[in-house]
Every structure is written in C-alpha cells, then in structure tokens.
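Data first, discussion second: the structure below is written as structure tokens.
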Amino acid sequence: MEGRASGCDVTMEELENGLLIQPWAWLQLSGDSLLAKAYIMTHKGYALLLSDLQHVWHEQVDTNVVSQRAKELNKRLTATPSAFLSHLRDLMCTLLEGSTDSGGATFSCEHVPEGLTLHVRSELSGLPFHWNFQCALASPSLVSQHLMRPLMGMSLVLQCQVRELASLLRLKDAEIQDYQENGAVLSRDRLKTELFDENAFLEQVVTENLPEACSIENGRPFAMKLQNLYVAVTKQEFQAKRRRQGSGDSQASDRTSSSETDGRLLNKPEQQSSAPSLSVLETLNMETSVPMQRPHVSKIKKKKPKGLFS
C-alpha cells in the first residue's frame, strides 16, 4: 500500500508541475466565457483549471479515476485508461486551440454547487463517447500558484523592460546629439524626434492606455497577448522550486525532466516578442514529444545608419 501511495503522489506531482507551465486559453462555451489550461499524460491522468475571473475550478485525477468514470459514462465502450486519456487530449487540444474543426465533438458547462462540470460529447471507435470534467473550487494556494504569483512576476518583468527601453532611448538621444555636434544634418525632416522625457512618456501611456488595460472583460486579451510571458514566468518559478528542493530529489528530477525540458515552451522572457509559441497540442503532449530544436539565430553585425544623416 505504501508503494502505491508513493506512486500516486509522484503522479500527482507530475500533473501539478505539468499544469503549472501550461498557457491559458480563452473559451466561449454557449453563455460562458472561461480561461482554461490543461495537462494530460496518457499513462498518468490529467489536471485541468477553469476560471471565469470570479471563481477558479480545478480537477486532477489519475488513471484509476479515469477508468472508473469511463465505465460509468460509457457502458458500451471498453478501452484502457490511456486510450481514453489520449482521446481526451485530442479533444482538449481542439477546444483550447479554438479550432473550428471539432470532429463533431461538443462541449458545454454546467454550474453545480461549489463546482463546475465541463461536459464533453464525441465519438470514439464509432461509438458515442461522453466525459465529465468534474471541477471543484480551487484552493487559495492553487489560485496563487497559477494566477497571483505569475501575474506579479509578469508585472516585474514588464517594468524591467520599460526601464531598459527608457535607458536605450536616452543613449540614442545622446548618440544623435553627438552626430549633430559634429556637423551631421538630418536628411529627412519627418524622422526628427524630440528628446525622450521618461516621466512625460509614462504619464502619457498611463493616461491613454489605462482605461483599456483595466477593461479585462472576460480575460481574452490576457490569454491572447501575454501567454509567452506567462509561461516564461511559471517555468522560472518551477525551476526555482526544483533548485530549492536540492539535488537529493534526483529520482523525481529524472521523472519530471520531460515536463520541464521537452516542451521548450519559449526562450527567455526578454525574447518573448520573437519566440514562437507552441501549440496546445505540443504543450499537452510534452510527455511524449521529441525535444524541440531551438531556432538558429545568426548574429547580425551592427551597421551605422545610412540616409539619416548626410
């Protein structure tokens, strides 16, 4: 019994770690707008998070629960838990990627006391397949781990980016002034700019963009625009947690290495604008994916601008 409990704990930890570094997706199901993230391991189980920005719901189950629920909901179907999980993974990929080609699958939400059920209806091997993701209210620690802490980290990263950009603009102003003092003349008047005033710039940005930024509505802008940065921050959080645990947990490290490295979700946070995002299929399927090759970036030799000054 002890060995079984230990194995279950390891499975739950793998699911927790895998779910943490998944990006959020935005769903529109009938009258429900939800943020969602999922992590499915075909031989372990799955973990799912849903939120309507007022509540957060969560379900995490192993193969034993999958097998039992599949028998209750699909009496005519006989398959292994891994087969059911593989089918669920394909269905969730379609849903989270927002694909219009659902293969006839339908999804609907039902609010229940202290929870939310996501109903799935499709076909498996030519027979009707039903599944219910039975999510309960998430714990405060889970909400902190997946939302509060990452959002705070993202805010700090964005603040650092603003400082670095402001510093770069000041250097550019100094460079232009040096050119002018040495007799350079701008050849195109439309390119002329005023000296950068950081305080005035920040005040203008806040004034012009604050209303839109605070109108988060149903969370769609967050899911559509900031998920590269979100995943970078959560991945860093996960790696820091692993370092704190120390090298004594080497066996667990080997077991979860595929979840941490095979995904190669993106490059460093400061490279987010050019780093390609992985599809939902690639992130949900990290347990069996082949390590991705990082795109080759050749170093470009800096050249002095031509045509700006004569």
Fill in: With all protein chains modelled, accessible area of C93 [1.4 Å, Å²]
10
Worksheet, complete the sentence: Rounded to the nearest 10 Å², the accessible area of S67 using a 1.4 Å probe with every protein chain kept is 30
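Relative to the present Cα-Cα distance, how much length would full extension add between E110 and Q245 at 0.36 nm per residue of separation? Walk me through the numbers on the way to the answer.
Details: separation 135, 0.36 × 135 = 48.60 nm, distance 3.95 nm.
Taking 0.36 nm per residue and subtracting the Cα distance, the gain is 44.7 nm.
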Discussion item. Using a 1.4 angstrom probe on the protein heavy atoms only, could you order K71, K172, K225 from most to least accessible area?
Written reply: K225, K71, K172
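Report the calculated FRET efficiency for C160 and Q68 (r = Cβ-Cβ distance, R0 = 41 Å), to the nearest 0.05. Spell out each step's value before the answer.
On the way: r = 48 Å, r/R0 = 1.18.
So the FRET efficiency works out to roughly 0.25.
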Worksheet item: Taking a 1.4 Å probe, which of F133, F222 shows the most accessible area, and what order do the others take after it?
Response: F222, F133
Practice prompt. Could you list which residues have their amide H under 5 Å from that of A138, counting only those 5 or more apart in sequence or on another chain, with H placed in the peptide plane?
Written response: V56, W57, H58
Worksheet item: At a probe radius of 1.4 Å, what is the per-residue accessible area of D9, in Å² to the nearest 10?
Response: 100
Worksheet, complete the sentence: Between E217 and E194, the FRET efficiency computed from the C-beta separation at R0 = 51 Å comes out, to the nearest 0.05, as 0.90
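Pairs of Cα atoms under 8 Å, at least six residues apart: use those to get the relative contact order of region 1-84, whole percent. All intermediate terms of the calculation are to be shown ahead of the outcome.
Details: 109 pairs, mean separation 18.1, N = 84.
It comes to 22 percent, rounded to a whole number.
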Discussion item. For the full complex of protein chains and a 1.4 angstrom probe, list I176, I40 by accessible area with the highest value first.
Written reply: I176, I40
Worksheet, complete the sentence: The answer for L29, listing residues at least 5 apart or on another chain whose modeled amide H is closer than 5 Å to its amide H, is L34
Worksheet entry | Amide H contacts under 5 Å for F129, placed H, 5+ residues apart | S122, E123, L124
Response to the item:
Whole-percent carbon and sulfur contribution to the accessible surface of region 83-190 (1.4 Å, no ligands, DNA or RNA) stands at 55
Worksheet item: Treating the beta-carbon of each Lys and Arg as +1 and of each Asp and Glu as -1, no other charges, what is the dipole magnitude of region 20-129 about its Cα centre, to the nearest 20 debye?
Response: 380
Worksheet, complete the sentence: Averaged per residue, the 1.4 Å probe accessible area of region 83-131, protein heavy atoms only, in Å², is roughly 48
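The values are calculated or read from the model by the stated rules, or taken from the named source; none is laboratory data. Everything numeric in this text was worked out from a predicted model, so none of it was measured. Heads up, the Cβs are rebuilt from the backbone with ideal geometry, glycines too, and the neighbour counts pull from every protein chain shown. Note: areas computed on protein heavy atoms with side chains; ligands, DNA, RNA excluded. Shrake-Rupley method; radii C 1.70, N 1.55, O 1.52, S 1.80 Å.
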